[in-house]
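These notes are about the structure you will find just below.
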Amino acid sequence: MPSIAYGDPVGQEDRYTAVAQLVQAGHQMLYVSTSLDTWRTDQPQGIARDFQINDTCYRRLDPEYYAWLRSRMHMAKLSAAAGRLPQNSFEELRAKFNAIHDWATAQFGEDRLLDAINDLDARDYQPPVAEPWQPHRPWPSVSAGNDGGRDFAHHVSERAMALVHAIRDRALALGWTHEALYQSRGRLRFPFGQDYGLVCFIGVEDRIGNVAADAIEIIGPPRREILRRFYKTSAHMAATKNNSKKVEGGPLQIGIGLGI
């Protein structure tokens, strides 16, 4: 296990401030599951502290979570020494944790990590917990003149799923449906028709902006940051400001957010 040198104590508020500053500055953030699986993003502003992909829940790594993960690794080391955990399983966990340790040390510094370790009461810490998950059930095939009446499927990236997960509860509270957010099958090939959900329209470097009852903003990558709005299929497709134009046959509306 890697060791951490002792240094001057760092206040808990300073540790939280350090994480907030990294998020606001758009630094790459590391999300970690309790099984030490990781997910990285350099656009963390629109992603919640905890989010779930399929049956795995990830938490944005901060000094306190690092300390809790380290305490778990200590227990795993004791289990391996007692023969209750196979040595190869422990070595796999150690390799994962060492990579997490290196990232945390570079981002937060050893003093903040050591202070979090000293302050941690592992019995009171609440780790991320995955909600019950079932694979998304696709809509029934509908014959609409496509290939033999079979519905079309659109590939969805894990990053797009994570972004939608982060705003899911807020969107559902505003009247959006699960299908409007996650539906990845349609009667026509993507992007035609209005069957496809928000998750299908999020690009590799896009991020989610304002979430409203009638539309959800999708902001394109820097530096132009083209603004698109994903509308409910029943929403009125009226023209808006910012030189927006209507996309015929689809739920998106495009406008320039920032000039060139």
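What GluC sites (Glu not before Pro) in the range 167-239 are in a loop by DSSP, with at most 13 other Cβ atoms within 10 Å of the Cβ?
Details: sites: 179, 205, 217, 225; in loops: 205, 225.
Loop-located and lightly packed - 205.
For residue 209, which sequence-distant residues (separation of 5 or more, or a different chain) have an amide H within less than 5 Å of its own amide H, given hydrogens modelled in the peptide plane?
The answer is 217, 218, 219.
Would you mind calculating the gained length between residue 157 and residue 102 on full extension (0.36 nm times residue separation, minus the Cα-Cα distance), in nm to one decimal? Walk me through the intermediate numbers first.
Numbers: separation 55, 0.36 × 55 = 19.80 nm, distance 2.70 nm.
Going from the current span to full extension adds 17.1 nm.
Just to confirm the filter: which trypsin sites (Lys or Arg not before Pro) across the range 42-125 are DSSP coil and have at most 14 other Cβ within 10 angstrom of their Cβ?
Values: sites: 49, 59, 60, 70, 72, 77, 84, 94, 96, 112, 123; in loops: 49, 84, 123.
In loop regions of the range 42-125 (DSSP not H, G, I, E or B), the sparsely surrounded trypsin sites (Lys or Arg not before Pro) are 84, 123.
For the pair residue 78/residue 189, report the inter-label distance in nm, with labels modelled 7 Å from Cα in the Cβ direction.
6.0 nm
Net charge around residue 30, counting only other residues with Cβ within less than 9 Å of its Cβ (Lys, Arg = +1; Asp, Glu = -1)?
On the way: positive: 40, 60; negative: none.
Taking every Cβ under 9 Å from that of residue 30, the sum is +2.
Which percent of Cα-Cα pairs in the range 156-209 sits in each 10 Å bin, short to long?
The percentages, shortest bin first, are 25, 54, 21.
Computed from the coordinates by the stated procedures, all read-outs in this text should not be read as laboratory data. Just so it is clear, the model here is predicted, and its values are computed rather than measured. Heads up, the Cβs are rebuilt from the backbone with ideal geometry, glycines too, and the neighbour counts pull from every protein chain shown.
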